[in-house]
Amino acid sequence: MNDIIEFDVELERSIAATWRLVTDPAALGTWMLGSFEFTPEAGSQLVFRTDDQVRRGEIVTVELDRRFAWRWSDGVEESEVSIEIDGDETRCQVTITERLLPPRRWAKPSIPPVEASMA
C-alpha cells in the first residue's frame with residue numbers, strides 16, 4: 001500500500017501569482033475539482049466538497065510564497081496535503097504531496113486496573 005502520492009507541475013507564472021492560485025479557495029477548488037472553504041491561516045478550519053464527498057480539516061502550515069499545507073479527513077481516513085512552490089518571477093515548480101496519516105488510537109491508560117490496586 002502506498003501512503004504517499006506526489007506530483008510536480010511547472011507553471012509559467014510568478015511565485016506571487018502561483019501563491020494566489022494555491023491559497024485562494026475558489027482558485028484552488030477549480031483545479032482540485034471541488035469547492036473549498038478556508039482562510040489561509042494556520043489553525044483555521046477547512047472544508048472541501050465535491051458532488052459525492054465532504055472532507056473537513058485544518059490548515060497546518062502557511063509559509064508565504066513557499067508552502068501551504070492542511071490535514072483533512074473524509075471521516076474514515078486522514079491525510080496531510082502539502083503544496084510547495086519554488087521558482088522565480090516567470091516560472092514555478094509546484095510539488096503537491098498527499099500523505100496518508102496513521103489511524104488515531106487512544107493511548108493506553110497508565111493507571112493500573114482497579115482489581116490490581118485492591119489486592
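For the reader, a short list of remarks on this structure follows.
- Residue ID - modelled with the lowest pLDDT, chosen from residues in segment 63-83 that are hydrophobic (A, V, I, L, M, F, W, C) and not in a strand (DSSP E or B): VAL76
- Positions within segment 74-97 being within 16 Å of ILE15 (Cβ to Cβ) and charged (D, E, K, R), in sequence order: GLU84, ASP86, ASP88, GLU89, ARG91
- Single condition TRP31 does not satisfy, out of (1) free of Cβ contacts under 8 Å to residues at least 12 places away in the same chain; (2) under 24 Å from PRO102 (Cβ atoms): (2)
- Residue count, segment 1-39 (criterion: surrounded by fewer than 12 Cβ atoms within 10 Å (Cβ to Cβ), part of a loop (DSSP other than H, G, I, E, B) and modelled with pLDDT of 95 or more): 1
- Candidates ARG71, ARG67 - the one that is out of contact with any Leu (no Cβ under 8 Å at 6 or more places or on another chain) and closer than 16 Å to LEU28 by Cβ: ARG67
- Residues of segment 6-59 satisfying the condition of being among the β-branched types (Val, Ile, Thr) and farther than 20 Å from CYS92 by Cβ: THR39, VAL47, THR50, VAL54, ILE59
- Residue pairs meeting the criteria (Cβ under 8 Å; at least 6 apart or on separate chains; first surrounded by 16 or more Cβ atoms within 10 Å (Cβ to Cβ) and charged (D, E, K, R), in segment 61-89; second part of a loop (DSSP other than H, G, I, E, B) and modelled with pLDDT under 95): ARG71/LEU101; GLU78/LEU101; GLU78/PRO103; GLU78/ARG104; GLU80/LEU101
- Residues that are at pLDDT 95 or above and among the hydrophobic types (A, V, I, L, M, F, W, C) occur in segment 94-116; there is at least one.
- Residue check, ASP86 within 22 Å of THR18 (Cβ to Cβ), modelled with pLDDT of 95 or more, among the acidic types (Asp, Glu) and part of a strand (DSSP E or B): yes
The values are calculated or read from the model by the stated rules, or taken from the named source; none is laboratory data. Bear in mind that the values here come from a model prediction, so they are computed numbers and not experimental data. Note that each Cβ is placed from the backbone with ideal geometry, even for glycine, and that neighbours are counted across all protein chains shown.
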